[in-house]
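Comments concern the structure below.
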Amino acid sequence: MPKLKTKSGVKKRFKFTATGKVKHGVAGKRHRLISHNAKYIRQNRGTKVLSDADVAHVRLWAPYGLK
């Protein structure tokens, strides 16, 4: 079997936790923040855990995990 390639974008955007969950940065935090209220900015600080429905896609794109 040939080796499977990892999607380059996945390496930059996602991290796996020790329990196998997938962490990701929150969208909508780069620019045009004046149109968002303070609660939105505060709640979307840091990283979030990806939903289970989307984890399957990320695992296909990173077949050998991420270093």
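What follows draws every value from the coordinates through simple rules; no lab data is involved. These figures come from a predicted structure and were not determined experimentally. Cβ: placed from backbone, ideal geometry, glycine included. Neighbour counts: every protein chain shown.
Data table
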quantity	calculated
Enumeration of residues in region 35-67 that are among the aliphatic types (A, V, I, L, M) and assigned to a loop (DSSP other than H, G, I, E, B)	50, 62, 66
Residue match in region 57-67 (condition: within 11 Å of the chain's Cα centre (by Cα), basic (Lys, Arg) and surrounded by 10 or more Cβ atoms within 10 Å (Cβ to Cβ))	no
Residue list for region 1-52, restricted to those being surrounded by fewer than 10 Cβ atoms within 10 Å (Cβ to Cβ) and among the hydrophobic types (A, V, I, L, M, F, W, C)	1, 18, 27, 34, 38
Any chance residue 19 is part of a loop (DSSP other than H, G, I, E, B), without any contact (Cβ under 8 Å) to a residue 24 or more places away in the chain and β-branched (Val, Ile, Thr)	yes
